[in-house]
1. Does at least one position in segment 82-105 carry a residue that is under 30 Å from D147 (Cβ atoms), over 15 Å from the mean Cα position of the chain (by Cα) and among the hydroxyl-bearing types (S, T, Y)?
2. Looking at the structure I just gave you, is V102 farther than 23 Å from A18 by Cα, of a type outside the set (G, A, S) and modelled with pLDDT of 95 or more?
3. Looking only at segment 165-218, which residues are among the charged types (D, E, K, R) and either farther than 15 Å from I69 by Cα or without any contact (Cβ under 8 Å) to a residue 40 or more places away in the chain (or both)?
4. Among the residues of segment 50-65, are any closer than 20 Å to H142 by Cβ, surrounded by 14 or more Cβ atoms within 10 Å (Cβ to Cβ) and touching a residue at least 24 places away in the same chain (Cβ under 8 Å)?
5. Residue check: is M38 under 20 Å from the mean Cα position of the chain (by Cα), at pLDDT 95 or above and open to solvent by 70 Å² or more (accessible area, probe 1.4 Å)?
6. Quick one: which strands (runs of 3 or more DSSP E) lie wholly within segment 1-77 and hold at least 1 residues that are among the acidic types (D, E)?
Amino acid sequence: MLAQIVLFDGFDPMDVVAPFEVLSAGGEASGGALRVEMVSAEGAREVPSGNGLPLRAMGVLDPERADLIVVPGAVGSLPDPEAEEVDEGSIPAVLGRALKTVLPELLGRAVARPETLVATVCGGSLLLAMTGLIEGRHATTHHLGMDFLDATGTIAVDARVVDDGDLVTGAGVTSGLDLGVYLLERELGPRVAHSVERLFAYERRGVVWRAEDPAPVS
């Protein structure tokens, strides 16, 4: 199984490093059943993050080859709803610049491919939502971006991890750890996931939300 973690200019390093570490450890614990690599839409290059920490993409995002694609969020300020002009340092602006590359086309191919599982951390779901790729799907993001996510036509769910079939999304910041552990449990089994939890001295937080019956009575 191949997992590709996407880098784009302005990405949030925490959204990348947390799932990378967890998935890589899961690959070792499973005897090599999972391989993890960092990629970009443009191919191998040094990619600047939003806080000055660059990471190296070792190859190109390949939705026909990857079994799992993880999309991080961005570093930036929150938009001012009363501002007449968009702050170029805001998260929507950073994501908007990423959408001017070939990244949306590649992600669109990934979402359309049944064999590919697409996962996001924090504002990564906003990046997909801004392209219209997850309209009508259940997803989560950082709690400060929930209204924005809902406004795109995505069904925003206030949960730490949301499983919507071939789309799995994580909420803000440290939820990348929870997302990674859940992906290991889902794809490689609970014993592999438990071994990584023990290795990292970290227990996954919260219930993974799924659109399954019965619904709670309000």
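The values are calculated or read from the model by the stated rules, or taken from the named source; none is laboratory data. Just so you know, these numbers come straight off a predicted model, no measurement behind them. FYI the Cβ positions are ideal-geometry reconstructions off the backbone, even for glycines, and counts take in every protein chain you see. Heavy atoms of the whole protein, side chains included, go into the accessibility calculation; ligands, DNA and RNA do not. Shrake-Rupley method; radii C 1.70, N 1.55, O 1.52, S 1.80 Å.
1. yes
2. Numbers: farther than 23 Å from A18 by Cα: yes; of a type outside the set (G, A, S): yes; modelled with pLDDT of 95 or more: yes.
So V102 fits the description; yes.
3. Step one: of segment 165-218, the residues among the charged types (D, E, K, R) are 166, 178, 185-187, 191, 197-198, 203-205, 210, 212-213.
If the condition is that a residue be among the charged types (D, E, K, R) and either farther than 15 Å from I69 by Cα or without any contact (Cβ under 8 Å) to a residue 40 or more places away in the chain (or both), then D178, E185, R186, R191, E197, R198, E203, R204, R205, R210, E212, D213 are the ones that fit.
4. Initial filter on segment 50-65 (closer than 20 Å to H142 by Cβ): 50-51, 53.
Checking the rest, the ones that are also surrounded by 14 or more Cβ atoms within 10 Å (Cβ to Cβ) come to 50, 53.
Among the residues that remain, those that are also touching a residue at least 24 places away in the same chain (Cβ under 8 Å) are: 50, 53.
Taking every residue of segment 50-65 in turn, at least one turns out to be closer than 20 Å to H142 by Cβ, surrounded by 14 or more Cβ atoms within 10 Å (Cβ to Cβ) and touching a residue at least 24 places away in the same chain (Cβ under 8 Å).
5. Working: under 20 Å from the mean Cα position of the chain (by Cα): yes; at pLDDT 95 or above: yes; open to solvent by 70 Å² or more (accessible area, probe 1.4 Å): no.
No, not satisfied.
6. On the way: elements: 2-7, 35-40, 45-47, 55-57, 68-71.
Filter on segment 1-77 gives 35-40, 45-47.
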